[in-house]
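The values are calculated or read from the model by the stated rules, or taken from the named source; none is laboratory data. These numbers come from a predicted model, not from an experiment. Ideal geometry is used to build each Cβ from the backbone, glycine not excepted, and the neighbour counts take in all protein chains shown. Note: areas computed on protein heavy atoms with side chains; ligands, DNA, RNA excluded. Shrake-Rupley method; radii C 1.70, N 1.55, O 1.52, S 1.80 Å.
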Amino acid sequence: MKQYLLSIYQPEGGTPPPDVLEKVMRDVDALNQELKAAGAWVFAGGLHPPSTATVVRPQDSELLMTDGPFAEGKEHIGGFLIVTAPDLDAALDWGRKAARATTLPIEVRPFQDRDEAKA
């Protein structure tokens with residue numbers, strides 16, 4: 001089984017109203033339970049806003065640290081799921097379910113196998 005990263009893209013701005021957020025959280029919890037029951041759940045997590053990020057960047061022989069996101073944008077990664085799936089089509093099925101649950105765009109990307117990473 002291959003592992004896939006499902007990145008949840010969140011728009012800049014405040015938290016949705018409580019009635020909207022409660023439904024999303026219920027749907028995300030149901031998705032996590034479905035992933036676990038199917039044996040596809042590896043790990044999931046939400047992230048603090050980009051303003052809490054610190055970027056560590058190599059420059060010559062030094063490492064520079066700067067506050068804030070790596071790149072400015074109207075969307076940022078707000079959370080993620082790591083799932084196992086037999087192939088991309090199955091991972092995309094989980095991505096579709098995640099998009100419905102979160103009401104946000106989901107990027108599905110496979111992890112490199114160890115053999116691929118060495119090539």
Could you check the stretch 43-81 and list, in sequence order, the residues that are in contact with a Ser or Thr (Cβ under 7 Å, 6 or more places away or on another chain) and surrounded by 14 or more Cβ atoms within 10 Å (Cβ to Cβ)?
Ile77, Phe80
Taking the stretch 1-49 as the region of interest, how many residues are modelled with pLDDT under 95, aliphatic (A, V, I, L, M) and either closer than 26 Å to Phe111 by Cα or part of a loop (DSSP other than H, G, I, E, B) (or both)?
2
Which residue pairs have Cβ atoms under 8 Å apart, sit 6 or more places apart or on different chains, and have a first residue in the stretch 22-46 that is in contact (Cβ under 8 Å) with a residue 24 or more places away in the chain and a second that is surrounded by fewer than 14 Cβ atoms within 10 Å (Cβ to Cβ)?
Val24/Pro16; Val24/Thr103; Asp27/Arg100
Would you mention how many residues in the stretch 82-119 are assigned to a loop (DSSP other than H, G, I, E, B) and either touching a Lys or Arg at 6+ places or on another chain (Cβ under 8 Å) or open to solvent by 60 Å² or more (accessible area, probe 1.4 Å) (or both)?
8
